[in-house]
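Below you'll find the structure, written out as structure tokens, and then a few comments.
The values are calculated or read from the model by the stated rules, or taken from the named source; none is laboratory data. Quick caveat, the model's predicted, so the values are computed rather than measured. When we count neighbours, we look across all protein chains shown, and the Cβ atoms used for this are built from the backbone with ideal geometry, even at glycine.
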Amino acid sequence: MIGATTIALLVLSVLYQPVHGGLVGSDINGCDVSHGNWVFDDSYPFYAAPSCPFIENEFDCIKNGRPDKDYLKYRWQPSACNLPKFDGSRILTEFRGKSIMFIGDSLSLNQWQSLTCMLHTAVPKAKYTLVRTGGLSTFTFPPHLVPESSSLTQSQLRMRNCGWESRWDLIQVGKQTYTDMNRLVAYEKALNTWASWVNSNVDPNKTKVFFQGVSPDHSNATEWSDPKAINCNAQSKPLPGPDYPGKAHPAEEVVEKVLRSMSKPVHLLDVTTLSQLRKDGHPSVYGLGGHRGMDCSHWCLAGVPDTWNVVAQIRFSGLGWESESGLRVRDLYL
């Protein structure tokens, strides 16, 4: 069942880091969780990839031959506070009767896949279905039973995703079609289109919009001043925090300009800096098929997107919604 409230996680591209304009601020309970350090924690990861039977091969770096394992063991530690542990049962309890939709590219798929694995680990005996229709896949946790002593009764989780690879052949602005355009210019036009749609169509009383921060790539080691490296290949440790040594992302100014013009509230999930510090977290040559290319954009699972979902859970839990019955989480891949 779908209740009156929808959460839209809009992961629109890999190009930006949102800042407050129409956004609800980035601090969580008065603490800035976006700056800190990655600390080694032997209790990690949240799950093992083999225990997540529906994980995409593209993200299963161990299966694809990655020899090192320490990258799985790092926990994000904000400078001024502690992150609570991820609680999948709480998510299923708090969001019965509501929908969560991830909208974006293959990095949205990366985060969506992470959340399915984290929730499956929380309720490992729950049945699930995965249906693919063309480029659209729908993942569902049917209602499942729990002990009577628990506050969790029945929950449903449905996740949707379309496709895998992004293709950009043409850009259409109004009636004008372009075969080429500066990426930042194109991004600003696309972001303005999105912002206009949100302002015109979203009812903040029914739909909460979350804007995901930029997921950085690590394709150029000069950004973090490592003369011995070329890109993310063979990186096995995070960079020290709390700040990233490289330059600010070029799309930040574009995002600030657009989001400050928005009239509807958008909640910020600022995971940029914590992700920038994880040069070791990408598949590199251990993506789909192994050694077929260099992937310094997506993330191994288990891995960095799990922390994105911890931050998201804190945001979700602070909205004060009452529980109903049933939860659907969708991922629309653009």
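Identify, from the list SER155, SER108, SER114, SER137, the residue that is in contact with a strand residue (DSSP E or B) (Cβ under 6 Å, 6 or more places away or on another chain), modelled with pLDDT of 70 or more and crowded, with 17+ Cβ neighbours inside 10 Å.
Residue meeting the stated conditions: SER108.
Any idea how many residues of segment 168-192 are closer than 14 Å to VAL255 by Cβ and hydroxyl-bearing (Ser, Thr, Tyr)?
1
PRO142 fails exactly one of the following numbered conditions: (1) surrounded by fewer than 17 Cβ atoms within 10 Å (Cβ to Cβ); (2) at pLDDT 80 or above. What is the number of that condition?
(2)
Name every residue in segment 80-113 that is polar (S, T, N, Q) and assigned to a helix (DSSP H, G or I), in order of residue number.
Filtering segment 80-113 down to residues polar (S, T, N, Q) leaves 82, 89, 93, 99, 106, 108, 110-111, 113.
Of everything in segment 80-113, those that are polar (S, T, N, Q) and assigned to a helix (DSSP H, G or I) turn out to be SER89, THR93, SER106, SER108, ASN110, GLN111, GLN113.
Kindly indicate the residue of segment 17-43 that is crowded, with 16+ Cβ neighbours inside 10 Å and modelled with pLDDT of 95 or more and also farthest from TYR244 (Cα to Cα) among those meeting that condition.
TRP38
Of all residues in segment 284-317, count the ones that are over 18 Å from SER108 (Cβ atoms) and of a type in the set (Ser, Thr, Tyr).
3
Does ASN64 satisfy the criteria of being assigned to a loop (DSSP other than H, G, I, E, B), in contact with a Gly (Cβ under 7 Å, 6 or more places away or on another chain) and modelled with pLDDT of 90 or more? Explain how you work it out, then say what you get.
Values: assigned to a loop (DSSP other than H, G, I, E, B): yes; in contact with a Gly (Cβ under 7 Å, 6 or more places away or on another chain): yes; modelled with pLDDT of 90 or more: yes.
Considered against the rule, which asks whether it is assigned to a loop (DSSP other than H, G, I, E, B), in contact with a Gly (Cβ under 7 Å, 6 or more places away or on another chain) and modelled with pLDDT of 90 or more, ASN64 comes out as yes.
Sort out which residues of segment 224-274 are closer than 30 Å to ASP203 by Cβ and in a loop (DSSP other than H, G, I, E, B), and write them in order of number.
Once the filter is applied, which keeps residues that are closer than 30 Å to ASP203 by Cβ and in a loop (DSSP other than H, G, I, E, B), segment 224-274 yields ALA251, ARG260, SER261, MET262, SER263, LYS264, PRO265, ASP270, VAL271.
In segment 276-285, how many residues are closer than 20 Å to PRO240 by Cα and buried (at least 24 other Cβ atoms within 10 Å of the Cβ)?
We begin by selecting, within segment 276-285, every residue closer than 20 Å to PRO240 by Cα; these are 276-282.
Checking the rest, the ones that are also buried (at least 24 other Cβ atoms within 10 Å of the Cβ) come to 276-279, 281-282.
Qualifying residue count, segment 276-285: 6.
Quick check on segment 294-305. Is at least one of its residues over 28 Å from TYR47 (Cβ atoms) and in a loop (DSSP other than H, G, I, E, B)?
There is no residue in segment 294-305 that is over 28 Å from TYR47 (Cβ atoms) and in a loop (DSSP other than H, G, I, E, B).
Kindly list the number of the only condition in (1) at pLDDT 90 or above; (2) farther than 21 Å from ARG90 by Cα; (3) hydroxyl-bearing (Ser, Thr, Tyr) that fails for THR307.
Of everything listed in (1) at pLDDT 90 or above; (2) farther than 21 Å from ARG90 by Cα; (3) hydroxyl-bearing (Ser, Thr, Tyr), THR307 misses just condition (2).
Residue check, ALA80 against (1) of a type outside the set (Ser, Thr, Tyr); (2) without any contact (Cβ under 8 Å) to a residue 40 or more places away in the chain; (3) more than 20 Å from CYS52 (Cβ to Cβ), all met but one. Which one?
ALA80 satisfies all of (1) of a type outside the set (Ser, Thr, Tyr); (2) without any contact (Cβ under 8 Å) to a residue 40 or more places away in the chain; (3) more than 20 Å from CYS52 (Cβ to Cβ) except (2).
Do you know which of the residues in segment 175-222 that are closer than 30 Å to GLN313 by Cβ, among the charged types (D, E, K, R) and touching a residue at least 12 places away in the same chain (Cβ under 8 Å) is surrounded by the fewest Cβ atoms within 10 Å (Cβ to Cβ)?
Step by step, filter segment 175-222, then rank; the result is LYS206.
Consider ARG260 against the criteria (1) under 27 Å from ARG278 (Cβ atoms); (2) touching a Gly at 6+ places or on another chain (Cβ under 7 Å): it satisfies all of them except one. Which criterion is unmet?
(1)
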